[in-house]
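The values are calculated or read from the model by the stated rules, or taken from the named source; none is laboratory data. Since the model is a prediction, treat every value here as computed from it, not as a measurement. All Cβ positions, even for glycine, are placed from backbone atoms using ideal geometry, and neighbour counts span all protein chains on display. The protein model used for the area step is the full one, side chains on, heavy atoms only, and it has no ligands, DNA or RNA in it. Shrake-Rupley method; radii C 1.70, N 1.55, O 1.52, S 1.80 Å.
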Amino acid sequence: MSDSVFTKIIKGEIPCHKIYEDELTLAFMEIRPIQPGHVLVISKKQLHIWDLPDKDYQALMKTVKKVANRISEVLQPKRVGLQVVGVHIPDHAHVHVFPFNNMEQYRRIPDSDEPDHKVLAEIAKKLAI
């Protein structure tokens with residue numbers, strides 16, 4: 001299997017706006033966010049979410065909770081949403097974690113514009129754990 005874009009990010013071949021990393025997971029800013037503050041939490045193993053060993057799945061969800069709590073604390077939205085979609089990168093476990101205040105924001109389709117890396121870097125700095 002060839003490396004996914006996430007594996008390339010883990011290896012440092014593609015840059016990211018990292019907010020958290022441990023031995024099993026990595027959390028970084030989504031470059032096409034649903035809402036400002038949208039973070040991707042990924043397993044460092046390139047496997048579908050349901051194929052992760054229990055230890056890696058539990059680590060992934062522990063990091064998701066840590067990131068969600070940080071988003072809530074720093075950005076103070078009404079809610080923090082989660083999405084496990086697996087469409088664009090289906091064989092590498094990842095969870096979308098993002099702030100939202102209403103269902104319109106939760107269901108928003110991200111713009112396809114070029115990412116604003118300055119804004120992403122600023123939010124990443126605020127959310128860094």
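A few notes on this one:
- Placing dummy labels 7 Å off each Cα toward the beta-carbon, the span from Gln58 to Leu82 is 1.6 nm.
- For Met103, solvent-accessible area (1.4 Å; no DNA, RNA or ligand), Å²: 90
- Highest-fluctuation residue, Glu21, Glu104, Glu73 considered, GNM on the chain with Cα pairs under 10 Å: Glu104
- On full extension, the segment bounded by Asp51 and Ser4 gains 15.3 nm, given 0.36 nm per residue less the C-alpha separation.
- Degrees, to the nearest 10: 54-75 long Cα axis against longest axis of the chain: 20
- GNM flexibility winner over the chain from Arg79, Arg32, Arg108 (Cα, springs under 10 Å): Arg108
- Straight-line cross-link reach from Lys118 at under 14 Å between alpha-carbon atoms covers these aspartates and glutamates, not counting any fewer than eight positions away in the same chain: Glu30.
- Percent accessible area from carbon and sulfur atoms, segment 1-115, protein chains only, probe 1.4 Å: 50
- Note on the chain: GNM, Cα springs under 10 Å; of Ile109, Ile19, Ile49, the largest mean-square fluctuation is that of Ile109.
- Annotation: per residue accessible area for segment 1-121 equals 59 Å², rounded to a whole number [probe 1.4 Å, protein chains only].
- Residues in segment 41-46 carry Karplus couplings, in order, of 10, 10, 7, 7, 9, 7 Hz; the curve used is 6.51 cos²θ - 1.76 cosθ + 1.60 with θ = phi - 60°, and Gly or Pro positions show x.
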